[in-house]
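Participant: Starting off with a structure, shown below.
Bear in mind that the values in this text are calculations on the coordinates, not laboratory data. Remember, it's a predicted structure, so these values are computed and weren't measured experimentally. Virtual Cβ from ideal backbone geometry, glycine too; neighbours counted across all protein chains shown.
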Amino acid sequence: MSDQTRQFSEKEQESAQPRKEEAVRSASPEQASRTPPAPTGFRFVVPTTATATGGDAGQGSDREANQSAAPVKAPQVVFGGVTESVDQDVGAADDDGAAETLGEEDASTADWKPLVQLDLVQIKSGEEDEDVVAKYRAKLYRFDKSMREWKERGTGEIKFLKHRVSGRIRLLMRRQQTLKICANHYLLPEMRLEENMGSDRSWVWTAVDYADEERDEAVLAIRFKDSETAKRFYDTFEELRKEMQSLLVSGKSATEQSRQGEQTAI
């Protein structure tokens, strides 16, 4: 082959190489459009580099042109939607486990029976046959003769109780929390209320008291929150005391008449 022919062939090869590069570049947008879109969200992209390993200079330049024109595909790590779905799945699993646990507890069929069966006992207060005429809230004191001082008996309601059959009247007072009796005696005609150290809220009287289930000649004092309540207590006390006096007088006269009738019959 002559030198001119050889030079001509080399020029044709050189003119053909740009056409190859243009063809590759023109084809690259189509390949890019065919490439599926990458998933949305935060991601890391690992870049890759291509190196020529041997071959002639013309082939190496073609490979480099093809690699630079073609889209680079690299492994991708996507965060966001996947993480949320995983968290939701884990939360749902935890909820299911908790629901199963609660279901097992609710489904317990344990039968607990008391070791001792207690029967209901009706407690009598001793006031079943009496009516409450009046009641007042106050604080009661008792004079301790050995210590020569006043001692508090309790705070609660002091009541005037009237028996439905006999008509006898008594004073009864219980402590407000324990309901323990702190005053219990009949209202007698000889009883008198006296002011305690000139106070208009307190009264003192002497009675044969049975609060401790024993006969006790006690000196009692009672104190109210205001003078009006103390005055109403005094009026009730005096009214019922007179009623008891007339009741006892009529009872004595009836007893005397029955005795006289027996003597006449004899």
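Participant: Throw me the Rg/Rh for the stretch 130-253, computed over C-alpha atoms with Kirkwood Rh, two decimals. Please list the in-between numbers first.
Facilitator: Numbers: Rg = 14.2 Å, Rh = 14.9 Å.
Expressed as Rg/Rh, it is 0.95.
Participant: Also, I was wondering about something else. What's the exposure ranking of 216, 235, going from fewest to most Cβ atoms within 10 Å? Could the numbers behind the result be given before it?
Facilitator: On the way: 216 13, 235 10.
Neighbour counts put them in this order, fewest first: 235, 216.
Participant: Counting other beta carbons within 10 Å of each residue's own, what order do 219, 208 fall into, fewest first? Write out the running numbers ahead of the final one.
Facilitator: Working: 219 15, 208 12.
In order of increasing Cβ crowding within 10 Å: 208, 219.
Participant: For residue 117 and residue 213, calculate 0.36 nm times their separation in residues minus their Cα-Cα distance, and state this gained length in nm to one decimal. Could the numbers behind the result be given before it?
Facilitator: On the way: separation 96, 0.36 × 96 = 34.56 nm, distance 3.25 nm.
Extra length from residue 117 to residue 213 when fully extended: 31.3 nm.
Participant: In which sequence would 239, 217, 130 go, from the one with the fewest C-beta neighbours within 10 Å to the one with the most? Intermediate results must be reported in sequence, preceding the final value.
Facilitator: On the way: 239 13, 217 9, 130 20.
Sorted ascending by nearby Cβ count, the order is 217, 239, 130.
Participant: First check a/c for the stretch 139-203, with a ≥ b ≥ c the square roots of the eigenvalues of its C-alpha gyration tensor; if it is under 1.5, answer rounded, and if not, answer prolate when a/b is larger than b/c or oblate otherwise. List each step's numbers first, then the result.
Facilitator: Working: a/c = 1.93, a/b = 1.35, b/c = 1.43.
Note, shape of the stretch 139-203 comes out oblate.
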